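Just so it is clear, none of the values below were taken in a lab; they were calculated from the coordinates. Remember, it's a predicted structure, so these values are computed and weren't measured experimentally. In this analysis, Cβ positions are derived from the backbone assuming ideal geometry, glycine residues included, and neighbour counts consider all displayed protein chains.
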Amino acid sequence: MRIFDPHIHMTSRTTADYEAMYAAGVRAVVEPSFWLGQPRTAPASFFDYFDALLGWEPFRAAQYGIAHHCTIALNPKEANDPRCAPVLDELPRYLVKDSVVAVGEIGYDSMTPAEDAALEAQLQLAADHELPALVHTPHRDKAAGLRRTLDAVRRSDLAPELVLLDHLNETTVDEARDSGCWLGFSLYPDTKMDPDRMVRILRSHGTERMLVNSAADWGRSDPLTTRQAGDAMLAAGFTEDEVDQVLWRNPVAFYGQSGRLDTAAPGPAAGAATHEGNSILRGGS
């Protein structure tokens, strides 16, 4: 089983996770830029983070045979902090980088006017750079959040087929599917979806334009939920081809619209010994 996790925050994970993911079949990931759990207090902290997504994290992933790409954005939660607003002006210099395959995560957290403005600006950046957009639908009041999101997409210059609506569930899947956008489902303990619920949605709505991710981060999460979803699909009677479509071909098709996706997974322990003079070994040079 080959797996492409289209939304996972590997900055928050250990190298042991990379090893376990490779053993489970994960060969490619996309890491969206996101809130780190503590507010950033200046734009410069974003830029160091973006640089790590472009350099250190792909290097680290390569040591374990996994191809790493990222998405870059001012995330919805921090769009409400005026100290972070200058980040929007600096995004274009990151969106031209080869390993950036979308603008994201963008969207809504609390559905504020500041989030409206940040979403509108970043949808336009995606259109200007001919990139897809990874859109975070809010964890609270999901139906209203999805409708507000779709209104913003319809007003933008970005075609629906270039938009991935993430963190969907049973209450939002129908309206999201009707929009023409791609559909993302995060399998995350307690607060989002689980493999059995995902199987039921796939039975009802099919496998086209469906992406499954772990959204694993610093919270109580599991980077192997994509594999669990594949196993649950097989146990429920889905074919290996259908599993491959959901776990590999769909994310490849969506992010491939960037023209930058390279899923050729390097072999384990491949790549240079160091990144900018630093190795992944504690105490190494």
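Residues that are surrounded by 19 or more Cβ atoms within 10 Å (Cβ to Cβ), in contact (Cβ under 8 Å) with a residue 24 or more places away in the chain, assigned to a helix (DSSP H, G or I) and of a type in the set (A, V, I, L, M, F, W, C) are absent from segment 96-117 altogether.
Residues of segment 25-51 that are in a helix (DSSP H, G or I), more than 16 Å from the chain's Cα centre (by Cα) and either buried (at least 18 other Cβ atoms within 10 Å of the Cβ) or of a type in the set (Lys, Arg) (or both): 46 alone.
Listed by position, the strands (runs of 3 or more DSSP E) inside segment 134-253 whose residues that are charged (D, E, K, R), free of Cβ contacts under 8 Å to residues at least 12 places away in the same chain and within 18 Å of residue 104 (Cβ to Cβ) number at least 3 form an empty set. When residue 126 is tested against (1) within 19 Å of residue 10 (Cα to Cα); (2) touching a strand residue (DSSP E or B) at 6+ places or on another chain (Cβ under 9 Å), just one condition goes unmet, and that condition is (1). Within segment 30-70, the set of residues being within 24 Å of residue 89 (Cβ to Cβ) and of a type in the set (Ser, Thr, Tyr) comprises 33, 41, 45, 49. The number of residues in segment 66-78 that are closer than 24 Å to residue 16 by Cβ and buried (at least 21 other Cβ atoms within 10 Å of the Cβ) comes to 4.
Being closer than 28 Å to residue 180 by Cβ and either surrounded by fewer than 20 Cβ atoms within 10 Å (Cβ to Cβ) or in contact with a Phe, Trp or Tyr (Cβ under 9 Å, 6 or more places away or on another chain) (or both) holds for only one residue in 81, 128, 89, and it is 128.
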